[in-house]
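Let me begin by presenting the structure, written as structure tokens, before commenting on it.
The values are calculated or read from the model by the stated rules, or taken from the named source; none is laboratory data. Here the structure is a predicted model, which is why all the values come from computation and not from measurement. Here Cβ is always computed from backbone atoms with ideal geometry, including for glycine, and neighbour counts include all displayed protein chains. Just the protein is used for accessible areas: all its heavy atoms, side chains included, with ligands, DNA and RNA removed. Shrake-Rupley method; radii C 1.70, N 1.55, O 1.52, S 1.80 Å.
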Amino acid sequence: CGTKTETISITVNALPVVEITTEEVCEGTNAVLTATAGFASYQWEKVSTTETLTEPSNVLTIPNVFLANNGDEYKVTVTDANTCQGAAIKALQVKSCTDLILTKTATDEVCEGATITYTLKVRNNAVVAATDIRVVDMLPSEVENPSETFTAGVYEWQIASLPAGEETEFTFTAKAKS
């Protein structure tokens, strides 16, 4: 009887290393998570719910995120050409963003002692409501006796809430100095 020996060669493939990148996003916009490219397949899931998402590519778009989504974690599992798998997790970074436009108009030419009408308008161009808005306006030195209370020449206008896409205005008058 004889002994026969054979050599078996085994290839050990490294597990794929994947990273997820994302930018901090404003509430009411889309969040985009991007995993390292070049793998054979991608499987995304929301960690807190283990909900499998149907995006088969390395880019996952999460529509219309809000502050309540801040910190939500998403996981991607990748499979390489050797069927080895690797995974990464990334948390969303959602912030409150404002896009307020302030315009001020006034009577542009008057005689001494005449009434000047000022109008301040605030428009919310953001996709979500803006809250606790504070508008500060300086009374020009050429006028006196404003119709509103100015403290040391400064007027403060508080707006509790301004819905997305809406505008509000405030009007006051003052007299041109003689």
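Might you check whether a residue that is under 35 Å from the mean Cα position of the chain (by Cα), assigned to a strand (DSSP E or B), within 30 Å of Leu67 (Cα to Cα) and among the small types (Gly, Ala, Ser) occurs anywhere in the stretch 158-173?
Checked the stretch 158-173: at least one residue is under 35 Å from the mean Cα position of the chain (by Cα), assigned to a strand (DSSP E or B), within 30 Å of Leu67 (Cα to Cα) and among the small types (Gly, Ala, Ser).
Of all the strands (runs of 3 or more DSSP E) wholly in the stretch 45-85, which have at least 1 residues that are under 28 Å from Val127 (Cβ atoms) and modelled with pLDDT of 90 or more?
Values: elements: 51-53, 59-62, 73-79.
Because the criterion is at least 1 residues that are under 28 Å from Val127 (Cβ atoms) and modelled with pLDDT of 90 or more, the strands (runs of 3 or more DSSP E) in the stretch 45-85 that meet it are 59-62, 73-79.
Going by the conditions given, is Val136 hydrophobic (A, V, I, L, M, F, W, C), open to solvent by 30 Å² or more (accessible area, probe 1.4 Å), within 30 Å of Gly28 (Cα to Cα) and in contact with an Asp or Glu (Cβ under 8 Å, 6 or more places away or on another chain)?
Values: hydrophobic (A, V, I, L, M, F, W, C): yes; open to solvent by 30 Å² or more (accessible area, probe 1.4 Å): yes; within 30 Å of Gly28 (Cα to Cα): yes; in contact with an Asp or Glu (Cβ under 8 Å, 6 or more places away or on another chain): yes.
Yes, satisfied.
Is it true that Pro146 is under 26 Å from the mean Cα position of the chain (by Cα) and either open to solvent by less than 70 Å² (accessible area, probe 1.4 Å) or of a type in the set (A, V, I, L, M) (or both)? Write out each step before concluding.
Details: under 26 Å from the mean Cα position of the chain (by Cα): no; either open to solvent by less than 70 Å² (accessible area, probe 1.4 Å) or of a type in the set (A, V, I, L, M) (or both): yes.
It is false that Pro146 is under 26 Å from the mean Cα position of the chain (by Cα) and either open to solvent by less than 70 Å² (accessible area, probe 1.4 Å) or of a type in the set (A, V, I, L, M) (or both).
Can you pull out the residues in the stretch 92-133 that are more than 30 Å from Phe66 (Cβ to Cβ) and either loosely packed, with under 13 Cβ neighbours inside 10 Å or aliphatic (A, V, I, L, M) (or both)?
If we filter the stretch 92-133 for residues that are more than 30 Å from Phe66 (Cβ to Cβ), which is where we start, we get 104-119.
If the condition is that a residue be more than 30 Å from Phe66 (Cβ to Cβ) and either loosely packed, with under 13 Cβ neighbours inside 10 Å or aliphatic (A, V, I, L, M) (or both), then Lys104, Thr105, Ala106, Asp108, Glu109, Val110, Cys111, Glu112, Gly113, Ala114, Ile116 are the ones that fit.
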